[in-house]
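*Asks:* Structure below; questions to follow.
Derivation of every value follows stated rules applied to the coordinates shown; laboratory data play no part. Please read these numbers as outputs of a predicted model, since none were measured by experiment. Virtual Cβ from ideal backbone geometry, glycine too; neighbours counted across all protein chains shown.
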Amino acid sequence: MRDDELRRILADANPWWASAAAGTDPTAWTRANRILRDRAGYDLGYRSRILDDIARGQPDGSLTVLTGPRRAGKTVAVLDTAAHLCAHPEVDPRQVIYASCDGMAARDLRRLITLGRALTRSVDAPAPRRRIWLLDEISGITGWSSVLKAARDAGDFGDDTVVATGSRWVGNEDVHGNLFAGRAGSGTGHRVRQLLPMGFRDYVTATHPHLPLPPVTHPGELDGASAADALSALAFGVDGVDLAWQDYLTCGGFPRAVAEHQRTGAVSTAYLRDLLAWLRADVDPDAPTDSVPLLLAGIAGRMTSPINLTATAAELGYPNRDLFERRTIRLINSHAALRCRQRADDGRAVTGTQHKLYLTDPILAWLPALVSPDLPRPDFTALNEMALAVALARAIDQQDEGRWIADDTIGYARTGSGNEIDLSPVRIPSTAGPTMTTPIESKWIDSGWRAEARSIETKYGHGILATKSILDLDHPVKAVPAPMVASLLG
């Protein structure tokens with residue numbers, strides 16, 4: 001891009017600069033912004049808090065990478081942050097620089113950083129001031145982390161606060177080496193953050209605000225005394241959370257999908273096709289139109305068991321295992337799928353074993369049947385296990401930054417009799433030192449739970465059996481409705 005094109009892009013993307021120069025309301029742009037206007041059409045009041053620390057503070061020189069699937073609200077979160085900063089009494093709006101990096105090359109990004117500072121130089125009188133850069137969808141630029149590394153090493157950009165968002169985590173982009181080896185600044189928040197669709201707790205807050213929920217609990221203390229006391233006090237609400245959970249397992253947590261389901265009882269075909277377009281672009285852009293629905297349906301139907309890649313590739317019509325595996329890796333990189341490895345008793349992954357594969361939001365499991373009626377609908381037993389697995393993975397990543405993108409969150413275990421424990425203990429930090437997560441077995445049942453608890457009780461002596469609607473806290477393995485388990489995880 002030429003300099004004049006980049007200057008125009010920056011001027012158009014940062015209308016608050018002109019407002020600040022003219023002495024008018026620097027937040028007036030929010031009423032005209034197309035993305036924020038579109039949100040108003042399906043707004044249930046949900047707001048991600050993922051950038052709250054940046055939105056309410058002075059520039060601190062931190063660098064944050066915000067990743068997550070498309071359509072989950074990263075751009076909305078960034079624009080909300082810009083609006084809060086523009087209204088902050090201690091921030092000059094000209095310190096805030098937003099840019100959508102879609103379609104740019106590395107050289108464009110380098111020049112944009114130079115021009116962004118030059119176009120806001122008026123804010124440096126009488127003394128230089130740090131900037132807050134909001135660089136949206138930067139991960140589409142090959143070598144973007146190297147560009148930011150060079151810029152932070154060489155000039156004032158290294159003292160600025162930077163938020164860089166992206167929808168794909170590509171292994172050959174050395175984000176940690178380029179950006180966090182002494183260049184992350186002084187911020188205290190997570191350097192790599194995941195903005196995923198709403199978890200169940202946020203879903204309930206947005207759609208069933210009257211439902212009481214237990215307090216968020218450390219993943220290693222789900223069957224502890226404090227959690228049991230909190231759950232016991234909420235025994236009266238089991239039916240309500242069960243119905244809310246079934247709604248959540250039907251529509252998932254993408255904000256627009258939640259709003260549409262809440263208002264009409266279904267997710268619109270238009271939005272389903274938006275999700276499908278995202279997945280086609282990121283996973284299989286050159287394949288036939290039914291490729292992604294068939295892939296999602298194939299995974300959704302196999303989520304409760306370790307996946308045999310060779311056999312599954314053949315069953316789904318792939319010419320070889322490698323092609324199928326590349327597609328699943330693209331799903332993982334796009335935050336649409338989550339790997340669950342077999343774990344040993346000490347929590348370490350067992351090499352050379354089959355893994356489970358979960359989709360990361362219920363609507364992705366429903367999408368094949370909703371856009372192609374001849375494809376199977378997902379089973380609630382699988383949806384229940386999937387949603388708990390994702391909730392636990394999110395909680396682990398919250399306790400130990402970077403675990404999700406390192407593909408090292410959840411695991412399953414084998415028992416001596418050959419059975420599986422769905423979510424086996426893995427090692428995570430706690431305030432008291434390293435500990436293990438509570439083992440969880442998922443069973444979509446509302447009776448006869450003691451027989452189902454034998455495997456987890458025999459192997460670990462304690463844990464959680466996540467049921468449909470049974471709450472029984474009087475045994476070493478406690479029966480807890482799956483939605484309550486998800487609520488404990490946050």
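*Asks:* For segment 302-317, take each phi angle, set θ = phi - 60°, evaluate the Karplus expression 6.51 cos²θ - 1.76 cosθ + 1.60, and give the result in whole Hz per residue in order, putting x for glycine and proline.
*Replies:* Rounded to whole hertz, the list is 10, 5, 8, 9, x, 9, 8, 5, 5, 5, 5, 4, 5, 5, 8, x.
*Asks:* Give me the dipole magnitude in Debye, nearest 20, for segment 386-430 about the Cα centre, with unit charges on the beta carbon: positive for Lys and Arg, negative for Asp and Glu.
*Replies:* The dipole magnitude comes to about 120 debye.
*Asks:* Taking the Cα centre of each part, how many Å lie between segment 110-150 and segment 219-260?
*Replies:* One Cα centre to the other: 42 Å.
*Asks:* Only bridges with both residues in the chain count here: give the DSSP antiparallel percent, nearest 5. Display every interim value, and only then the final one.
*Replies:* Numbers: 11 of 38 bridges.
If I count the DSSP bridges inside the chain, around 30 percent turn out antiparallel.
*Asks:* Quick one: work out Rg over Rh on the C-alpha atoms of segment 1-67, Rh as Kirkwood radius. Show your work: numbers first, answer last.
*Replies:* Values: Rg = 15.1 Å, Rh = 14.9 Å.
Reported Rg/Rh (Cα atoms, Kirkwood Rh): 1.02.
*Asks:* Give me the distance in nm between label points sitting 7 Å out from Cα along the Cα-to-Cβ direction at ALA277 and MET1, one decimal.
*Replies:* With each label point 7 Å from Cα toward Cβ, the separation is 2.1 nm.
*Asks:* What distance in nm separates the simple spin-label points at ASP43 and THR381, each placed 7 Å from Cα in the Cβ direction?
*Replies:* Spacing of the two 7 Å Cα→Cβ label points: 4.4 nm.
*Asks:* Could you give the length gained on full extension between ASP290 and ARG34, defined as 0.36 nm per residue of separation minus the Cα-Cα distance, in nm?
*Replies:* On the way: separation 256, 0.36 × 256 = 92.16 nm, distance 3.14 nm.
Fully extending the segment from ASP290 to ARG34 adds 89.0 nm.
*Asks:* Kindly write out, for segment 276-289 in residue order, the coupling ³J(HN,Hα) from the Karplus curve 6.51 cos²θ - 1.76 cosθ + 1.60 (θ = phi - 60°), rounded to whole Hz, with x marking Gly and Pro.
*Replies:* 5, 5, 4, 5, 4, 5, 8, 10, 8, x, 9, 8, x, 5
*Asks:* When you have a sec, figure out the Kirkwood radius of segment 374-473 from all distinct Cα pair distances and drop it here in Å to one decimal?
*Replies:* Working: mean 1/r = 0.0680 Å⁻¹.
Value: 14.7 Å, from the Cα pair sum.
*Asks:* Let me ask something else about it. Among LEU109, THR81, LEU134, pick out the residue whose Cα is farthest towards the positive end of the charge dipole of segment 77-144, where Lys and Arg carry +1 and Asp and Glu carry -1 on C-beta, about the Cα centre.
*Replies:* Projecting each Cα onto the dipole axis, the largest value belongs to LEU109.
*Asks:* Then there's this: Specify which residue in the list GLY418, ALA406, ILE363 is farthest towards the positive end of the charge dipole of segment 307-433, using unit charges on the beta carbon of Lys, Arg (+1) and Asp, Glu (-1), about the Cα centre.
*Replies:* My answer, from the dipole projection, is ALA406.
*Asks:* Which number do you get for Rg(Cα) / (2.2 N^0.38 Å) in segment 271-396? Don't skip to the answer; put the middle values down first.
*Replies:* Details: Rg = 14.2 Å, N = 126, 2.2 N^0.38 = 13.8 Å.
Against the empirical 2.2 N^0.38 Å value, I get 1.03 for segment 271-396.
*Asks:* Follow-up. Leaving out same-chain residues fewer than 8 places away, which lysines sit with a Cα under 16 Å from that of LYS468?
*Replies:* LYS443, LYS478
*Asks:* Would you please give the residues with an amide H less than 5 Å from that of ILE50, counting only those at least 5 places away or on a separate chain, with H modeled from the backbone geometry?
*Replies:* Amide H neighbours of ILE50: none.
*Asks:* Shifting gears a bit: Based on Cβ point charges of +1 for Lys and Arg and -1 for Asp and Glu, what charge dipole magnitude is obtained for the chain about its Cα centre, in debye rounded to the nearest 20?
*Replies:* Working: 54 positive and 59 negative charges, 189 e Å.
Computed charge dipole of the chain: roughly 900 debye.
*Asks:* Please list, in order along segment 425-440, the HN-Hα scalar couplings obtained from phi with the Karplus expression 6.51 cos²θ - 1.76 cosθ + 1.60 (θ = phi - 60°), rounded to whole Hz, x for Gly and Pro.
*Replies:* In residue order, the calculated couplings are x, 10, 7, 9, x, 8, 5, 9, x, x, 8, 10, 5, 6, x, 9 Hz.
*Asks:* Please find the FRET efficiency linking ARG450 to LEU211, where r is the Cβ-Cβ separation and R0 is fixed at 30 Å, and quote it to the nearest 0.05. If you can, show how the numbers build up before the last one.
*Replies:* Values: r = 28 Å, r/R0 = 0.92.
Efficiency for this residue pair is about 0.60.
*Asks:* Next question, about the same structure. Given H placed on each backbone N at 1.01 Å, which residues far from THR435 in sequence or on other chains put an amide H within less than 5 Å of it?
*Replies:* Under 5 Å from the amide H of THR435 lie the amide H atoms of ILE428, SER430, each far enough along the sequence or on another chain.
*Asks:* Let me ask another. Run the helix sum for the chain: -39,500 (n - 2.57) per DSSP H stretch of 4+ residues, divided by residue count, reported at 222 nm to the nearest 500 deg cm²/dmol. Can you show the working numbers first?
*Replies:* Details: 21 runs with 209 residues, N = 490.
Only helices count here, giving -12500 deg cm²/dmol.
*Asks:* So what's the gap between the Cα centers of segment 382-433 and segment 8-67, to the nearest angstrom?
*Replies:* Centre-to-centre distance over Cα atoms comes out at 35 Å.
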